[in-house]
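The structure appears below as structure tokens.
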Amino acid sequence: MAYDFDLFVIGGGSAGVRCARISAGHGARVGIAEERFWGGTCVNVGCVPKKIMVNAAEYGMWAEDAAAFGWSVTTHGHDWAKLAQARDAEVARLSSIYDKLLQGAGATIFNARATLVDAHTIQVGDQRVTAERIVIATGGQAFKPDIHGAELGLISDDLFTLKSLPKRVVVVGGGYIALEFACILRGLGAEVDVMYRAALPLRGFDDDIRQAMVEALTAQGIRLNANAAPTSLAKVGDQIIVTAADNMMREVDAVFFCTGRKPYTAGLGLEAAGVATDKAGAIIVDDDHRSSQPNIHAVGDVIDRVNLTPMATAVGHALADTLFGNKPRRASYQNVPTAVFTSPPIGTVGLSEAEAAAQGPVDVYVTRFTPMRHTISRRQGRRTLMKLIVCQRTDKVLGAHMIGEDAAEIMQGIGIAVVMGATKADFDRTIGIHPTAAEEFVTLRTRTREAGVKAAAE
């Protein structure tokens, strides 16, 4: 059968665009459809605009700290509209680049919703096309919890369309998106409460990092409400009343639901095409990202594995090379460096202490200190924590974790070492760059504790 395309990609985010562009570069006839905005969540309502707003929030603290270094700085409040204009202009610029990249590679672009009719047929807007292979890269979407009055709340996307800063905010959720939003809003001047179900935020991160983040958030005036999932929202005048466990109530101007994201698969026609999903709606794929329908693959957040932009991009590229580049390969989901752009930020790679200890005995190295800048500024809540987890048997560094200034920038370099299988001896013989916080990673000599001995004995 002759198909209109060798490959059709549904979704114009990081994973889909990279897969389409590289496949076209390999000579494939490629079509790609995007129904909302090119660049997906990351460029439009995620990483990029979020990081711009993180920077904006940090500038307020830098202005306050300047006096300690001899500068006389007077501020006149924050101009939300000016920030929004600059942010949106940069988002538009980056989004337009995706269109140019795809056209330059020779892909056919469709600005329309695409759904599956069968395993080789796609309905794109008001036309139908066929493809030998299909890649689904529709990503994920934020959602509101099933509680009374949830329609009064906002999702994470809505932060980037607000016309002004809400003065009092409840952020619901204990994950990285919730904490990033809390820091942004607090840094720009809002009063912020965070409500989450667990005893500590950031489930899945190393426990030392989680505890240090609690201290940092509290120091900047963010009120943390653990074990306090909201049960209802109600409108009273211009205010929203949030009721949580034990009849705790907050009266606020806005509520942000940051309780996770779900794969965007509803209404795609997956059943008609024979594509299976799990209970959460994520497309089930094998190690080569092949779905239950052999000619249909899925990449990125729609499979709900490691939901990070660089991971999606790497997987999309590897799949294109495999399908059309005559060089089959896979992108590894192991030891993926990760950052949380809170204030202060987190950087992490590899296993947490609990995960590593479950596999056998490990040596744990931890240091906490006040970075040089804040020995002068005296700002509270900006202490740095660094941590290495080392396998006792092999001396290999299994995990590295940091909270503090420039954590994300530092962890990118540490991530290379961990992915390469560096040992603690490799770290020890590396000369530190002085004076920096990063040098502490190569000067940790005294073991803080050992863990996992019981697991090894069993």
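The values are calculated or read from the model by the stated rules, or taken from the named source; none is laboratory data. Values in this document were obtained by computation on a predicted structure and should not be read as measured data. Reconstructed Cβ throughout: ideal geometry from the backbone, glycine too, with neighbour counts over all protein chains shown. These accessible areas exclude ligands, DNA and RNA; they are computed on the full protein's heavy atoms, side chains included. Shrake-Rupley method; radii C 1.70, N 1.55, O 1.52, S 1.80 Å.
Output the relative contact order of the stretch 283-365, whole-number percent, from Cα pairs under 8 angstrom with separation of 6+ residues. Provide the component values of the computation, followed by the final result.
On the way: 79 pairs, mean separation 12.9, N = 83.
Relative contact order for the stretch 283-365 comes out at 16 percent.
For the stretch 300-318 versus the stretch 141-158, the inter-centroid distance based on Cα atoms is 25 Å. Summarising the amide proton neighbourhood of THR448: residues at separation of 5 or more, or on other chains, whose placed amide H is nearer than 5 Å comprise VAL364, TYR365, VAL366.
Counting only heavy atoms of protein chains, what accessible area per residue, in Å², does the chain have with a probe of 1.4 Å? Could the numbers behind the result be given before it?
Numbers: 21220 Å² over 458 residues.
Per-residue value: 46 Å².
Taking every DSSP helix (H) stretch of at least 4 residues in the chain, weighting each as -39,500 (n - 2.57) and dividing the sum by the residue count yields a mean residue ellipticity at 222 nm of -9500 deg cm²/dmol. Under the shape rule built on the C-alpha gyration tensor, where the axes satisfy a ≥ b ≥ c, the chain is oblate, since a/c reaches at least 1.5 while a/b does not exceed b/c. For the stretch 245-250, backbone phi angles converted through the Karplus equation (6.51, -1.76, 1.60; θ = phi - 60°) give residue-by-residue couplings of 4, 6, 6, 5, 10, 9 Hz, Gly and Pro being listed as x. Note on the stretch 199-247: Cα-Cα pairs beyond 14 Å make up 62% of the total pair count. Each of ARG168 and GLU251 was given a label point 7 Å from its Cα along the Cα-to-Cβ line. The distance between the two points is 0.6 nm.
Taking 4.7 Å between beta carbons as the limit, the unpaired Cys residues of the chain are CYS19, CYS183, CYS258, CYS391.
In the stretch 357-457, the portion of solvent-accessible area held by carbon and sulfur atoms comes to 53 percent [1.4 Å probe, whole percent, DNA, RNA and ligands not counted]. With the largest listed first and rounded to whole Å, the semi-axes of the equivalent ellipsoid of the stretch 343-402 from the Cα gyration tensor are 29, 11, 8.
The amide H of ARG168, built 1.01 Å from its N in the peptide plane, has GLU191, ASP253, ALA254 as neighbours under 5 Å, considering only residues 5 or more places off or on other chains. Counting only heavy atoms of the protein chains and using a 1.4 Å probe, LEU268 has close to 10 Å² of accessible surface. For GLN141, the residues whose amide H sits under 5 Å from its own are LYS262, TYR264, ignoring neighbours fewer than 5 places away on the same chain, with H placed 1.01 Å from N. Modelled label positions at ALA92 and ARG445, each set 7 Å beyond Cα in the direction of Cβ, lie 5.8 nm from each other. For the residue pairs LYS235/LYS279; LYS163/LYS262; LYS167/LYS235, the C-alpha atoms sit more than 23 angstrom apart in LYS235/LYS279; LYS163/LYS262.
Let me know the shape class of the stretch 303-458, please: from the alpha-carbon gyration tensor, a ≥ b ≥ c as square roots of the eigenvalues, rounded when a/c is under 1.5, otherwise prolate if a/b is greater than b/c, or oblate.
Values: a/c = 1.99, a/b = 1.32, b/c = 1.51.
Oblate, because a/c is 1.5 or more while a/b does not exceed b/c.
In order along the stretch 286-300, the phi-based Karplus estimate (6.51 cos²θ - 1.76 cosθ + 1.60, θ = phi - 60°) of 3J(HN,Hα) comes to 8, 5, 9, 6, 8, 7, 5, 9, x, 8, 10, 10, 9, 9, x Hz; Gly and Pro are listed as x. Here the accessible area of the stretch 38-192 is 53 percent carbon and sulfur, with a 1.4 angstrom probe and all protein chains present. Relative to one another, the C-alpha centroids of the stretch 67-85 and the stretch 184-237 are positioned 26 Å apart. Would you mind classifying the stretch 183-223 by shape? Square roots of the alpha carbon gyration tensor eigenvalues, ordered a ≥ b ≥ c; an a/c under 1.5 is rounded, otherwise it is prolate if a/b is larger than b/c and oblate if not. Prolate shape, in that a/c is at least 1.5 and a/b is the bigger ratio.
Using 1/(1 + (r/R0)^6) with R0 = 35 angstrom and r between the beta carbons of VAL236 and THR74, what's the FRET efficiency to the nearest 0.05?
Details: r = 38 Å, r/R0 = 1.09.
Efficiency at R0 = 35 Å is approximately 0.40.
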